[in-house]
Amino acid sequence: MAEMSPARKVLILSASAGAGHVRAAEALLQQCRLHPWVGEVQHWDMLHYTTAIFRHLYSQVYLDLINKAPKMLGWIYDKTDTPWKNEKLRLAFEKFNAGPFLRAATAFKPDVIICTHFTPAVLVAWLYEKRKIPVKPAIVVTDLDCHAMWLARSYLHYFVALEETRQHLMALGIAPDSVSVSGIPVMAPFARALDRQAAREALSLDPRLFTVLVSAGGFGVGPVELLIRQLLTIKVPVQIVVIAGRSEVLKTKLDRMVRDVGHAGPVRLHAVGFTNRMDEYMAAADILLGKPGGLTTSEAMARHLPMCIVNPIPGQEERNSDHLLELGMAIRCNNLPALAWKLESLMSNPAKLQAMQRATDYLCRPNAAEEIVRKLLEAPLPTEPADAEPRRLRQGAGGRKTRKALLS
């Protein structure tokens with residue numbers, strides 16, 4: 001660092017609609033606490049500052065759609081993916097339900113605001129345009145693709161995972177010098193070098209066996225049982241590590257399956273509850289089987305871990321899946337009865353598996369959080385004075401129809 005800088009107040013904003021937005025914010029919080037130019041940093045889950053009905057809509061209703069009506073969620077995702085469609089109605093609804101958040105953000109008087117969810121980003125942009133705060137939001141997109149909901153009229157900088165996403169935003173009017181391909185922030189342990197064999201030994205796994213890591217949290221109890229029963233039909237030696245997360249019901253069922261399987265066949269089954277050692281489990285694995293959420297994907301890529309995608313949620317996970325398949329770092333299984341065969345085929349083709357591992361280099365950005373914090377604090381991009389006309393995202397000559405065509 002060339003010279004000292006006044007201590008900054010940093011506000012990181014997420015929303016607990018799914019775990020990924022919060023995990024990205026926590027990674028940024030971790031890096032801010034390490035930076036000498038940060039005098040104070042806070043991470044707020046903005047849903048804690050909203051009405052009960054708004055919290056229910058964003059958290060419980062969202063989860064219910066994932067578990068019970070994923071096609072409906074996909075339909076909503078597609079229907080709302082037109083830039084500026086119903087913009088005023090959406091902003092009015094969010095302002096009405098986020099009064100405590102708007103007041104708290106104004107009173108905090110931060111020097112830097114970083115958003116890992118689109119709702120606080122749009123609300124902070126509105127506060128800036130109304131001269132209630134002097135700073136615009138830095139927006140960290142937590143999926144590989146960028147949905148129209150992430151678009152804010154006023155912004156400091158966009159951070160995205162892919163050059164294709166950067167080009168997409170530039171086509172929609174984002175200034176080229178205001179969008180960077182940083183990757184999605186992951187926690188610092190994912191940047192630590194860790195040998196696969198050493199990781200297996202540290203986790204009491206067999207260092208000789210091909211290892212499938214199953215991220216079970218996104219599937220639900222019933223579907224996970226079906227998935228594991230298919231994996232148990234694999235005919236070659238393999239160990240399967242299933243991460244149940246915080247679901248005690250799922251962990252109990254998995255423990256029962258582990259006892260039933262025993263050590264008679266070629267498959268060794270391990271059940272793990274909530275763990276803070278996910279970076280080690282990913283280092284130990286040969287492939288990750290699960291849903292391609294933005295954070296899970298970025299953590300896997302940071303560990304050079306290819307993916308086997310099973311039943312992605314329509315919408316953002318479908319789009320993440322498209323990118324991973326196109327880049328050659330994942331395979332996809334649409335039919336559970338073929339899952340064992342699909343994995344056996346990959347296990348018998350080490351050249352293909354190695355090619356998938358090499359392909360992960362393109363998305364491997366374990367230092368994304370550090371890069372974002374450093375860019376915002378050490379090389380701040382120019383901003384207008386508080387009394388100047390805010391720079392707004394331009395519509396361009398094509399208007400709404402052009403934006404919609406670009407997304408189709």
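What follows draws every value from the coordinates through simple rules; no lab data is involved. Since this is a predicted model, take the numbers as computed values, not measurements. Methodologically, a virtual Cβ is constructed for each residue, glycine included, from the backbone with ideal geometry; neighbour enumeration extends over all protein chains shown.
Give me Rg/Rg_expected for the chain, where Rg uses Cα atoms only and Rg_expected = 2.2 N^0.38 Å with N residues. The chain yields a ratio of 1.02. All other residues whose Cβ lies under 11 angstrom from that of D143 are scored, Lys and Arg at +1 and Asp and Glu at -1, for a net of -2.
The amide H of A330, built 1.01 Å from its N in the peptide plane, has M307 as neighbours under 5 Å, considering only residues 5 or more places off or on other chains. Label-to-label distance for A188 and V261 is 3.5 nm, based on points extended 7 Å past Cα in the beta-carbon direction. Using a cutoff of 8 angstrom between alpha carbon atoms and counting only pairs six or more residues apart, the relative contact order for the chain works out to 18 percent. Extent of the range 234-317 along its three principal axes (Cα atoms, max minus min coordinate, largest first): 38, 29, 26 Å. Listed cross-link partners K68/K251; K253/K291; K68/K253; K9/K132; K71/K136; K85/K130 are compared with a 24 Å cut-off, the Cα-Cα value being larger for K71/K136. Residue-wise HN-Hα couplings along the range 264-272, as the Karplus relation 6.51 cos²θ - 1.76 cosθ + 1.60 with θ = phi - 60° gives them from phi, are 6, x, x, 9, 9, 10, 10, 10, 10 Hz; Gly and Pro carry x. Out of every Cα-Cα pair that the range 1-137 contains, those further apart than 24 angstrom amount to 36 percent. The calculated FRET efficiency for F274 paired with F93, based on their beta-carbon distance and R0 = 30 Å, is about 0.30. Ranking of H56, H117, H35 by neighbouring Cβ atoms within 10 Å, starting from the fewest: H56, H35, H117.
The magnitude of the dipole of the chain, with charges of +1 and -1 set on the Cβ of Lys/Arg and Asp/Glu and taken from the Cα centre, is near 900 debye. For R374, project a label point 7 Å along Cα to C-beta. Then give me every residue of the range 39-56 with its amide nitrogen under 20 Å of that point. What the label zone holds, given the 20 Å backbone N cut-off, is 39. Can you work out the PRE-style zone for A355? Point 7 Å along Cα to Cβ, and I want the residues of the range 324-339 with backbone N under 11 Å. Flagged as within label range: 328-329. Applying both filters, DSSP loop and at most 15 other Cβ atoms within 10 Å, to the trypsin sites (Lys or Arg not before Pro) of the range 38-128 gives K85.
At the listed q of 0.12, 0.20 Å⁻¹, the Debye profile of the range 192-363, built from one uniform point per Cα, gives log10 I(q)/I(0) equal to -0.49, -1.57.
Between the C-alpha center of the range 119-143 and that of the range 337-370 there is a gap of 37 Å.
Cβ crowding within 10 Å ranks F54, F108, F101 as F108, F54, F101, fewest other Cβ atoms first.
Principal axis analysis of the Cα atoms in the range 115-192 yields extents of 42, 29, 20 Å, listed in decreasing size. Neighbour counts of other Cβ atoms within 10 Å put T297, T165, T119 in the fewest-to-most order T165, T119, T297.
Counting Cα-Cα pairs of the range 107-158 in 5 Å increments starting at 0 gives whole-percent bin shares of 4, 24, 34, 22, 9, 5, 1. Since only P223, V261, M301 are under comparison, the one whose Cα sits farthest along the positive direction of the charge dipole of the range 192-363, derived from C-beta charges on Lys, Arg, Asp and Glu, is V261. Kirkwood analysis of the Cα pair distances in the range 60-195 returns a hydrodynamic radius of 16.5 Å. Annotation: extensible slack from A198 through T80 equals 37.8 nm (criterion: 0.36 nm per residue apart, minus Cα-Cα distance).
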